[in-house]
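The block underneath contains the structure these notes are about, expressed in structure tokens.
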Amino acid sequence: MEQIIGVVILATSIWVFFDSKNIGVKSGQLKGFFGMGPIGWFFACVILWIICFPAYLLKRNELKQINKK
């Protein structure tokens, strides 16, 4: 069971990295904790997945609007 959870965390974190890179996310586009680049989002999701993955999903539309893609 723990292996499945680990695979899910790693897979979704990799998706966050490539998705944010595809959108064009750069450091400092949002204020505060959410102003991370793709690498920051990746490591945040790996380390604090339960908080950062839902946060990325909530901020994704705002990041898309900032980058107009």
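Just so it is clear, none of the values below were taken in a lab; they were calculated from the coordinates. Since this is a predicted model, take the numbers as computed values, not measurements. For neighbour counting, all protein chains shown are included, and Cβ atoms are generated from backbone atoms with ideal geometry for every residue, glycine included.
Structure summary
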| quantity | calculated |
| --- | --- |
| Helix-only CD estimate at 222 nm, as mean residue ellipticity for the chain, using -39500 (n - 2.57) per DSSP H run (n ≥ 4) | -25000 deg cm²/dmol |
| Normalised contact order of the chain, rounded percent, pairs of Cα under 8 Å and 6 or more residues apart | 34 percent |
| Per-selection Kirkwood Rh - segment 2-67 (Cα, Å, 1 d.p.) | 11.7 Å |
| Helix axis angle, 2-23 relative to the chain longest principal axis, alpha carbon, degrees | 20 degrees |
| Note, ³J(HN,Hα) from phi for segment 45-60, Karplus 6.51, -1.76, 1.60, rounded to Hz, x at Gly and Pro | 5, 5, 7, 10, 3, 4, 9, 7, 5, x, 5, 4, 4, 6, 8, 4 |
| Vicinal HN-Hα couplings computed from phi for segment 25-42 (Karplus, 6.51 cos²θ - 1.76 cosθ + 1.60; Hz; Gly/Pro x) | 5, 10, 4, x, 6, 10, 7, x, 4, 7, x, 9, x, x, 5, x, 4, 4 |
| Förster-model FRET efficiency, 35 Å R0, SER27 and MET1, C-beta, rounded to 0.05 | 0.45 |
| Highest to lowest packing among 49-58, 28-37, 2-11, scored as the average C-beta count within 10 Å | 49-58, 28-37, 2-11 |
